[in-house]
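The values are calculated or read from the model by the stated rules, or taken from the named source; none is laboratory data. All of these numbers come straight from a predicted model, not from anything done at the bench. Positions of Cβ are generated from backbone atoms using ideal geometry, with glycine treated the same way; all protein chains shown enter the neighbour counts.
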Amino acid sequence: MKKTLIALTLLLAPTSVLADTLDDLKAQGFVRIAIANEPPFTAVAADGTVSGAAPDVARVIFKRLGVNDVVASISEYGAMIPGLQARRHDAITAGLFMKPERCQAVAYSEPILCDAESFLVLKGNPKGFKSFADIAANPDAKIGAPGGGTEEKLALEAGVPRDRVIVVPDGQSGLKMLQDGRIDVYSLPVLSISDLMKKANDPNLEKVAPVQGAPVYCDGAAFRKEDVALRDAFDKELAKMKANGEFAAIVEPYGFSAAAASATSRAKLCGE
């Protein structure tokens, strides 16, 4: 499948050139998507090519809508929605899980990728972490999590003090911080931690999954609130792909469950 070169310079793109309707995107010939760099949700290779389950699904759908290319820019999770609202992106396809406050800020598609939470710890889980509450209860424990991500919020809500929640820019940084003893646990979705462990091939690491008391989350492609028509067109193609098996063929090789995404809905996850 064709991959798309990442365009970091888009962060400086003037708002006047950004499209907000499907007709505009067709005329433009490409759609600007915000991504993270968190395999298997999204991935950026050394040469700048973009893959991962979320961009791969978006690429197919937008092409069927008449938009022949996607151009991606990397963003921290906490900056994705502000960037979308500021028209630096046309959509977010990054494993940005649906949560009530996000559902108020963006127009989500129907669910695409679902996953549970997990911890990356040293072999044997020496501090016995099974939940975010366990980390809060240990006055010396430090947890690494993506800035603005679900894991950061879950840690803070569980009572982990702000100074013990360490913002980590990407998976490799979190892995290295754990190996170096700068954090005691690193939290990401199960599939993301599994990917990190596979690449690290470090026998001194262990995964705790699923995290006790943490919900299962699903993401969707996120659009500006005023772009509901574009979201609805995206949803129509997504529904066709789920029905004919093409959706499963894209996401399941990455480890995601197509059935899990089809078993729930935006209305349920966003409380609509």
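When 234, 223 are checked against the criterion of being within 24 Å of residue 153 (Cβ to Cβ), buried (at least 21 other Cβ atoms within 10 Å of the Cβ), touching a residue at least 12 places away in the same chain (Cβ under 8 Å) and not charged (D, E, K, R), a single residue qualifies: 223. In the range 169-216, which residues are in contact with a Leu (Cβ under 7 Å, 6 or more places away or on another chain) and assigned to a loop (DSSP other than H, G, I, E, B)? Residues satisfying the conditions are 204, 214. The sole residue among 195, 219 that is under 21 Å from the mean Cα position of the chain (by Cα), over 30 Å from residue 24 (Cβ atoms) and of a type in the set (D, E, K, R) is 195. Residue count for the range 120-168, restricted to those that are over 23 Å from the mean Cα position of the chain (by Cα), part of a loop (DSSP other than H, G, I, E, B) and more than 19 Å from residue 181 (Cα to Cα): 1. Scan the range 101-111 and give yes if some residue there is out of contact with any Lys or Arg (no Cβ under 7 Å at 6 or more places or on another chain), surrounded by fewer than 18 Cβ atoms within 10 Å (Cβ to Cβ), modelled with pLDDT of 95 or more and not assigned by TED's automatic domain parsing to the domain that holds residue 234, otherwise no. No: zero hits.
Let me spell it out: the conditions are (1) surrounded by 14 or more Cβ atoms within 10 Å (Cβ to Cβ); (2) without any contact (Cβ under 8 Å) to a residue 24 or more places away in the chain, and residue 260 meets all of them except one. Which number is the exception? Tallying (1) surrounded by 14 or more Cβ atoms within 10 Å (Cβ to Cβ); (2) without any contact (Cβ under 8 Å) to a residue 24 or more places away in the chain, residue 260 fails exactly one: (2). For residue 190, are the conditions met, namely being closer than 17 Å to residue 118 by Cβ, in contact (Cβ under 8 Å) with a residue 40 or more places away in the chain, surrounded by fewer than 18 Cβ atoms within 10 Å (Cβ to Cβ) and of a type outside the set (D, E, K, R)? Here the answer is no, as residue 190 does not meet what is asked. Taking the listed residues 181, 174, 213, the one that is free of Cβ contacts under 8 Å to residues at least 24 places away in the same chain and more than 30 Å from residue 62 (Cα to Cα) is 181, with no other qualifying.
Just one of the listed residues (121, 70) is among the aliphatic types (A, V, I, L, M), surrounded by 16 or more Cβ atoms within 10 Å (Cβ to Cβ) and within 30 Å of residue 243 (Cα to Cα), and it is 70. Number of residues in the range 248-265 that are under 16 Å from residue 215 (Cβ atoms), within 17 Å of the chain's Cα centre (by Cα) and either β-branched (Val, Ile, Thr) or part of a helix (DSSP H, G or I) (or both) equals 2.
Looking only at residues of the range 223-238 that are in contact with a Phe, Trp or Tyr (Cβ under 9 Å, 6 or more places away or on another chain), assigned to a helix (DSSP H, G or I) and hydrophobic (A, V, I, L, M, F, W, C), we find that the one that is farthest from residue 94 (Cα to Cα) is 230.
When the criteria are applied in full, residue 131 meets the requirement of being surrounded by 17 or more Cβ atoms within 10 Å (Cβ to Cβ) and under 15 Å from residue 209 (Cβ atoms).
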